[in-house]
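Participant: The structure that follows is given in the form of structure tokens.
Read-outs: derived from the displayed coordinates by stated rules, not from any lab. In this text, all values refer to a predicted model and were calculated from it rather than measured experimentally. Don't worry about glycine lacking a Cβ; one is built from the backbone with ideal geometry, like all the others, and counts go over all protein chains shown.
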Amino acid sequence: MNHIGWGGLTYWVSEAKGNEKIGVGIRPYGLHAGNMAAVIAYPYLLCERYEDINREKPEFRLQIWLNDIEPVKYVGADGTRESANAANMYPGSTTFQFMPAPNGHKGSLADFWQPVIEGVVRGTIGARFPYVKLDFRRASELVGTPEFEKTVLSAMHHSAGIGRVIGFFTQTPIQGKKGFVWPLCPDCHAPVTDATLKKSSEGLLIDGWHKFMGNYHFSQKAKNLSWAMQFRMLQAARLAAEQPDLWVIGIDHFPTNRTSLMEHLAAGLGIDQYRGDFLHVPLLFADGSKKLSKSLGNAVYMSPQELINALRKNRNQGLDVKHAPVSDDIIVVGADLLPRYMTGNKEVREAALKAKMAAYEKSNKRKAFLSDNAPGAISNKFVVRTVGVPHL
Ligand SMILES: [Zn+2]
């Protein structure tokens with residue numbers, strides 16, 4: 001069932017037992033207001049409403065999924081980022097699992113962002129609702145589950161049929177023939193878009209080659225490879241495997257009238273239907289019309305508590321974050337909740353951002369996402385980091 005906004009939240013908690021499994025996902029490359037609405041503010045408000053209505057402390061199990069097997073960037077069917085659209089989203093590079101962390105930090109982009117996301121979730125939800133169990137999961141943990149293997153098998157064997165489902169529900173024709181799941185080259189972790197699949201007595205065998213510093217051929221079992229998945233395949237496989245009671249999601253991500261896409265995908269992939277509910281989080285807007293979402297490349301400066309307060313006050317309305325400074329490369333989180341390595345060197349980064357902003361203001365580039373208030377907000381204490389990670 002689809003529950004929408006404040007009314008949906010209230011209805012769901014009034015029926016809840018208090019120990020349900022609740023899931024939410026995030027691409028591990030930032031934490032701005034658009035992310036925080038679904039990952040932090042709405043789960044927080046859900047716990048708060050549960051407590052108010054039922055006069056009991058919530059003991060939900062909240063799973064925060066880092067979508068590390070999504071490509072760091074999507075491109076369209078012709079391989080350029082600009083041509084990516086609702087239906088045609090192909091990997092432009094490796095995944096968050098293998099993209100190195102920036103600025104000489106150890107590990108992957110997922111390793112780099114996990115402590116940030118975890119710190120803010122624990123510092124807000126964990127601090128206020130100590131009996132809520134917080135569980136940080138990575139989508140890569142799904143590789144090797146029966147649901148994942150079935151998804152790979154169906155998406156590779158029947159990509160035309162899966163494409164028709166996506167094309168129908170997004171009302172956008174599929175242009176590419178690159179499928180929706182991609183093994184990563186075991187040598188360099190680039191997505192291999194023309195791999196073939198064989199069934200063997202020992203399970204699925206993936207055969208492919210990748211040209212990078214010479215030809216590299218591989219033939220391995222699906223479960224021994226690393227994978228990239230389009231977010232729809234990931235979501236279908238994850239919901240089938242994990243069956244949370246509730247999945248919290250930005251209303252723009254799978255528009256409410258299109259969760260039927262998930263049902264048809266599960267049927268097409270031959271995996272279990274999701275039996276739980278969706279809770280759709282209201283949209284955030286800046287300057288009246290600029291939508292903030294998880295992936296549109298917009299970001300707004302806001303602390304978790306400010307956002308929670310604003311969403312509580314606005315209830316069922318789409319929230320207009322007025323005077324919100326917006327930029328395509330600013331990531332904002334609660335600075336007081338961050339690990340120290342993220343907050344060091346703040347002045348240097350802010351100066352670099354100011355210079356970049358000034359150059360941007362003077363340039364001929366379209367200013368669609370930049371508000372008049374952007375320069376002033378750079379001194380906001382919640383601005384802790386800027387990155388050049390491309391957004392779709
Ligand atoms: Zn390679």
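Participant: Could you tell me which of rounded, prolate or oblate describes segment 1-72, using a ≥ b ≥ c as the square roots of the eigenvalues of the alpha-carbon gyration tensor, with rounded for a/c under 1.5 and, failing that, prolate when a/b is larger than b/c and oblate otherwise?
Facilitator: Numbers: a/c = 2.29, a/b = 2.01, b/c = 1.14.
The shape class here is prolate.
Participant: Show me 13-24, 89-100, 226-237 ranked by packing, highest mean number of other Cβ atoms within 10 Å first. It would help to have the intermediate numbers written out before the result.
Facilitator: Working: 13-24: 18.0, 89-100: 21.7, 226-237: 25.2.
In decreasing order of mean packing, 13-24, 89-100, 226-237 become 226-237, 89-100, 13-24.
Participant: Residue separation times 0.36 nm, minus the C-alpha to C-alpha distance between TYR216 and GLU141: what's the value?
Facilitator: Working: separation 75, 0.36 × 75 = 27.00 nm, distance 2.59 nm.
Computed gain between TYR216 and GLU141 is 24.4 nm.
Participant: Something else about it: Within segment 79-199, how many Lys pairs that are eight or more residues apart, or on different chains, come under 25 Å at the alpha-carbon?
Facilitator: 8
Participant: Oh, and also: Show the residues, 5+ positions off or on another chain, whose built amide H is closer than 5 Å to the amide H of GLY25.
Facilitator: Counting only residues 5 or more places away or on other chains, the set is TRP65.
Participant: Where Rh is the Kirkwood radius over the Cα pairs of segment 4-127, the temperature 10 °C and the viscosity 1.306 mPa s, what D in µm²/s does Stokes-Einstein return? Please report the intermediate quantities before stating the final value.
Facilitator: Working: Rh = 16.4 Å.
In µm²/s, the coefficient is 97.
Participant: Show the residues, 5+ positions off or on another chain, whose built amide H is closer than 5 Å to the amide H of ASN2.
Facilitator: When sequence neighbours closer than 5 places are left aside, the close amide H contacts are PHE278.
Participant: Let me ask another. Pop out the ³J(HN,Hα) list for segment 82-97 in order, Karplus 6.51 cos²θ - 1.76 cosθ + 1.60 with θ = phi - 60°, rounded to Hz; leave Gly and Pro as x.
Facilitator: With the stated coefficients, segment 82-97 comes to 4, 8, 5, 9, 3, 9, 9, 10, 10, x, x, 6, 5, 9, 4, 5 Hz.
Participant: Starting from the Kirkwood radius over alpha-carbon pairs of segment 95-134, derive D by Stokes-Einstein at 10 °C in a medium of 1.306 mPa s and give it in µm² s⁻¹. Numbers along the way, then the final one.
Facilitator: Working: Rh = 11.2 Å.
Approximately 142 µm²/s, per Stokes-Einstein.
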